[in-house]
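The values are calculated or read from the model by the stated rules, or taken from the named source; none is laboratory data. Given the structure is predicted, the values throughout are model-derived calculations rather than measurements. In this analysis, Cβ positions are derived from the backbone assuming ideal geometry, glycine residues included, and neighbour counts consider all displayed protein chains.
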Amino acid sequence: MRIFDPHVHMTSRTTDDYEAMYAAGVRAVVEPSFWLGQPRTSPESFFDYFDSLLGWEPFRAAQYGIAHHCTIALNPKEANDPRCVPVLDALPRYLVKDGVVAVGEIGYDSMTPAEDTALAAQLQLAADHDLPALVHTPHRDKLAGLLRTLDVVRESALPAERVLLDHLNETTARAAKDAGCWLGFSVYPDTKMDEDRMVAILKEYGPEKVLVDSAADWGRSDPLKTRKVGDAMLAAGFDEDDVDRVLWRNPVAFYGTGGRLDLDVEKPGATHEGNSVLRGGS
């Protein structure tokens, strides 16, 4: 089983996770930029973080045979903080870099006017840079947030078929599918989706344009959830082609639209900018 996790925050994970993911079949990941668990106090904090997504994390992933890409954006939560909004002006210099395969995560957290502005601006940036967009749908008032998101997408220059709506569930999948967007589902302990619910969704809507991710981060999460969904699909009667479509070909197709996806993994050098993951080593 080959697996592409299209949304996982590896910055918050250990090298043990990379090793376990490779053993489970994960060969590629996309790491969306997101908030750090506490407020950033300046745009410069974003820039250091973006640089790590383009340098340090691909280095770590390649050590375990995993191709690492990222998405870059001002995330919805911090779009409400005036200290962070100037990041929007700096995004174009990051969106031209090879490792960036989409604009994201963008979307809604609390559905504020500031989030409206940031979402519209970043959908335009995606269109300007010929990139797809990874959109975070809110964890509260999900259907209202999804419908508001779709209104902004329709008003944008970015076609719906270049938009991945993530964190969907049973209440939002139909509207997202009818809009012509790609459907993303985060399988996550205690919250979001689980394996059985995901299988039920796939039975109802089919595997076309559906992506499954772990959304693993600092909280109680599991970067092997993609593999567990694949196993659950097989147990439920889906065939290996269906599993390969959902866990590999669909994320390759979506993120490949930007023309920057490179799934070849070259063994990295001993260090990245003089640093290694070894303590006491070179």
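Tabulated data
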item	result
Members of segment 141-186 that are acidic (Asp, Glu) and touching a residue at least 12 places away in the same chain (Cβ under 8 Å)	ASP141, GLU155, GLU161, ASP166, GLU170
Residues located in segment 60-110, provided they are crowded, with 23+ Cβ neighbours inside 10 Å, over 14 Å from the mean Cα position of the chain (by Cα) and among the small types (Gly, Ala, Ser)	ALA61, ALA79
Residue selected from segment 22-49 under the condition under 14 Å from the mean Cα position of the chain (by Cα) and not charged (D, E, K, R), by the criterion surrounded by the fewest Cβ atoms within 10 Å (Cβ to Cβ)	TRP35
Subset tally (residues that are at pLDDT 95 or above, within 28 Å of VAL252 (Cβ to Cβ) and hydroxyl-bearing (Ser, Thr, Tyr)) for segment 109-149	1
Residue match in segment 72-88 (condition: more than 19 Å from ALA133 (Cα to Cα) and of a type in the set (A, V, I, L, M))	no
Cross-chain or 6+ apart pairs with Cβ under 9 Å, segment 269-282 first and closer than 14 Å to GLU57 by Cβ and surrounded by fewer than 10 Cβ atoms within 10 Å (Cβ to Cβ), then of a type outside the set (D, E, K, R) and at pLDDT 75 or above	GLU273/GLY55; GLU273/TRP56; GLU273/PHE59
Some residue of segment 55-72 being free of Cβ contacts under 8 Å to residues at least 12 places away in the same chain and either over 16 Å from SER12 (Cβ atoms) or not aromatic (Phe, Trp, Tyr) (or both)	no
Criterion: farther than 30 Å from ILE3 by Cβ, among the small types (Gly, Ala, Ser) and modelled with pLDDT of 95 or more - qualifying residue of ALA160, ALA79	ALA79
Residue within segment 208-230 that is acidic (Asp, Glu), touching an Asp or Glu at 6+ places or on another chain (Cβ under 9 Å) and surrounded by fewer than 22 Cβ atoms within 10 Å (Cβ to Cβ) present	no
Members of segment 132-168 that are closer than 27 Å to LEU261 by Cβ and in a loop (DSSP other than H, G, I, E, B)	PRO132, THR137, SER156, ALA157, LEU158, PRO159, HIS167, LEU168
Unique residue being without any contact (Cβ under 8 Å) to a residue 40 or more places away in the chain and acidic (Asp, Glu) when the list is ASP217, ASP222, ASP262	ASP222
